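First the structure, in the form of structure tokens, and then the observations on it.
The values are calculated or read from the model by the stated rules, or taken from the named source; none is laboratory data. If you're wondering where the values come from, they're calculated on a predicted model, not measured in any experiment. Virtual Cβ from ideal backbone geometry, glycine too; neighbours counted across all protein chains shown. Note: accessible area is taken over every heavy atom of the protein model, side chains too, but ligands, DNA and RNA are not part of it. Shrake-Rupley method; radii C 1.70, N 1.55, O 1.52, S 1.80 Å.
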Amino acid sequence: GLELRPSYARAYVGRAAVLFEQPAKRAEALEMLERARRLDPLEPTHDVRKAVFLLYERGDVTGADGLLRDVLRRQPLYLPAITRLGEVAWCCRAEPTEAIQYLEQAITLDPLAHWPRRPLVGAYLDVGDAAAAADVVANTPQYADVLQVPLLAHAGEWVSAGALAYDVLDRGLVAPIDEPIIVL
């Protein structure tokens with residue numbers, strides 16, 4: 001596709017995603033995202049994807065955080081950037097209160113979104129608000145059982161948490177992104 005249309009930014013993003021799956025090609029994946037960004041500098045997806053690559057490939061929390069904040073300066077309601085910034089605040093910068101603000105905003109923008117609920121449950125548990133975490137789970141439109149596992153574990157109900165984890169695995173409800181929640 002790139003040979004036929006070398007100025008198509010989305011093709012570079014697609015190639016970056018494929019290359020990123022191969023650890024030896026991750027630097028090349030970042031180069032593909034830079035090409036996409038040069039071709040289409042106003043598209044926020046390129047920066048969000050690059051932030052994810054920087055975070056998970058290089059552990060570059062500062063770089064990822066900066067890219068995501070820059071996206072929000074340009075497009076304050078861009079849901080993927082809001083969600084990822086909440087995730088970074090919770091898991092990488094140990095700022096659960098800030099994470100809660102971003103993740104609640106993400107759910108307000110898209111009440112059906114499942115992705116922001118994952119770190120939001122953890123952030124509420126980190127600030128000691130198990131009731132708010134339980135409320136997030138109770139208001140999850142799908143796969144609430146997956147998010148119930150950390151609640152049970154937090155409450156010290158390890159047998160129930162383990163049984164539910166195996167149950168959701170058996171029912172095929174666990175996507176790869178859910179594995180850190182299930183495998184405690």
**Study point:** Among (1) over 29 Å from residue 132 (Cβ atoms); (2) open to solvent by less than 80 Å² (accessible area, probe 1.4 Å); (3) of a type in the set (D, E, K, R), the one test that residue 84 misses
**Key:** (1)
Point to revise | Residues being modelled with pLDDT of 95 or more and loosely packed, with under 15 Cβ neighbours inside 10 Å - total across region 112-128 | key: 2
Review point. Has region 102-110 got at least one residue that is at pLDDT below 95 and either open to solvent by less than 70 Å² (accessible area, probe 1.4 Å) or within 20 Å of residue 17 (Cα to Cα) (or both)?
Key: no
Exercise for review: Mind listing whichever residues of region 9-27 are among the charged types (D, E, K, R), open to solvent by 60 Å² or more (accessible area, probe 1.4 Å) and assigned to a helix (DSSP H, G or I)?
Suggested key: 10, 15, 25
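Mind counting the residues in region 149-158 that are surrounded by 15 or more Cβ atoms within 10 Å (Cβ to Cβ) and over 15 Å from residue 129 (Cα atoms)?
Going through region 149-158 one residue at a time, the tally reaches 1.
Could you tell me whether any residue of region 159-175 is crowded, with 19+ Cβ neighbours inside 10 Å, in a loop (DSSP other than H, G, I, E, B) and not polar (S, T, N, Q)?
First, the residues of region 159-175 that are crowded, with 19+ Cβ neighbours inside 10 Å: 161, 164-165, 168, 174.
Subsequent filtering for residues that are in a loop (DSSP other than H, G, I, E, B) retains 174.
When the remaining residues are screened for being not polar (S, T, N, Q), the result is 174.
Yes, region 159-175 contains at least one residue that is crowded, with 19+ Cβ neighbours inside 10 Å, in a loop (DSSP other than H, G, I, E, B) and not polar (S, T, N, Q).
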Practice item. Determine if region 36-48 includes at least one residue that is crowded, with 18+ Cβ neighbours inside 10 Å, farther than 15 Å from residue 71 by Cα and of a type in the set (Ser, Thr, Tyr). Key: no
Practice item. Scan region 48-97 for residues that are closer than 25 Å to residue 111 by Cβ, in contact (Cβ under 8 Å) with a residue 12 or more places away in the chain and more than 14 Å from the chain's Cα centre (by Cα) and report the count. Key: 8
Check your understanding: Of all residues in region 67-108, which are of a type in the set (Gly, Ala, Ser) and within 14 Å of residue 51 (Cα to Cα)?
Key -> 81, 86, 89
**Study point:** Test: residue in region 134-148 that is closer than 28 Å to residue 57 by Cβ, open to solvent by 60 Å² or more (accessible area, probe 1.4 Å) and assigned to a helix (DSSP H, G or I)
**Key:** no
Study note, to complete from the structure: Only one of (1) of a type in the set (D, E, K, R); (2) more than 25 Å from residue 78 (Cα to Cα); (3) more than 18 Å from the chain's Cα centre (by Cα) does not apply to residue 135, and that is (2)
Practice item. Among the candidates 86, 66, single out the residue that is closer than 22 Å to residue 31 by Cβ, at pLDDT 95 or above and among the small types (Gly, Ala, Ser). Key: 66
